[in-house]
1. Kindly establish whether LYS19 is surrounded by fewer than 14 Cβ atoms within 10 Å (Cβ to Cβ), under 14 Å from ASP75 (Cα atoms) and either in contact (Cβ under 8 Å) with a residue 60 or more places away in the chain or β-branched (Val, Ile, Thr) (or both).
2. Could you check, for segment 4-16, whether at least one of its residues is free of Cβ contacts under 8 Å to residues at least 12 places away in the same chain and either loosely packed, with under 10 Cβ neighbours inside 10 Å or in contact with a helix residue (DSSP H, G or I) (Cβ under 6 Å, 6 or more places away or on another chain) (or both)?
3. May I ask you to list the residues in segment 36-47 that are surrounded by 10 or more Cβ atoms within 10 Å (Cβ to Cβ) and not in a strand (DSSP E or B)?
4. Could you say whether any residue in segment 44-57 is modelled with pLDDT under 95, in contact with a Ser or Thr (Cβ under 8 Å, 6 or more places away or on another chain) and of a type in the set (A, V, I, L, M)?
5. Please go through segment 22-35 and pick out each residue that is under 14 Å from the mean Cα position of the chain (by Cα), surrounded by fewer than 16 Cβ atoms within 10 Å (Cβ to Cβ) and in a strand (DSSP E or B).
6. Going by the structure shown, is ASN36 in contact (Cβ under 8 Å) with a residue 12 or more places away in the chain and either of a type in the set (Asp, Glu) or closer than 20 Å to LYS15 by Cβ (or both)?
7. Consider ILE23 against the criteria (1) closer than 12 Å to ILE66 by Cβ; (2) modelled with pLDDT under 95; (3) of a type in the set (A, V, I, L, M, F, W, C): it satisfies all of them except one. Which criterion is unmet?
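The values are calculated or read from the model by the stated rules, or taken from the named source; none is laboratory data. Everything quoted here is computed from the prediction, not taken from an experiment. All Cβ positions, glycine included, derive from the backbone under ideal geometry; neighbour counts span all protein chains shown.
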Amino acid sequence: MKERFLPIGTVVLLKGAKKELMITSYCIFPTGTEINKEGKEVKPTQKMYEYGGCPYPEGVLEANTINAFNHDQIDKILFIGYETDKQKELSKILNGGYEIYKKKFEEAKPEDYQ
């Protein structure tokens, strides 16, 4: 099983990015407008991402803005967040059930989540 779910507070650089992100949350599924690779607004897809993050060192600049990304998009881990036994246990739980929950979410009808 692929290990993922780095601790909250971990600072990463994504592939092709110039700006660092700090991990702030797990299992993100966008519901508002998304921005594609070309920087254009698009309707959200019914997709779940492993991480949510904010720009580092600025933090959350707008309450409704989250950068959603997956572990395989990480190019470099610049700083590991605070690791505890509770965090390690949560990572184990998330690793064990993430793919199952992701598949259920992405295959569900939109009205199932309203």
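1. Against the criterion (surrounded by fewer than 14 Cβ atoms within 10 Å (Cβ to Cβ), under 14 Å from ASP75 (Cα atoms) and either in contact (Cβ under 8 Å) with a residue 60 or more places away in the chain or β-branched (Val, Ile, Thr) (or both)), LYS19 does not qualify.
2. For segment 4-16, residues free of Cβ contacts under 8 Å to residues at least 12 places away in the same chain and either loosely packed, with under 10 Cβ neighbours inside 10 Å or in contact with a helix residue (DSSP H, G or I) (Cβ under 6 Å, 6 or more places away or on another chain) (or both): absent.
3. Listed by number, the residues that qualify are PRO44, THR45, GLN46, LYS47.
4. Among the residues of segment 44-57, not one is modelled with pLDDT under 95, in contact with a Ser or Thr (Cβ under 8 Å, 6 or more places away or on another chain) and of a type in the set (A, V, I, L, M), which makes the answer no.
5. Passing the criteria: SER25, GLU34.
6. No; evaluated as a whole, the condition is false for this residue.
7. (2)
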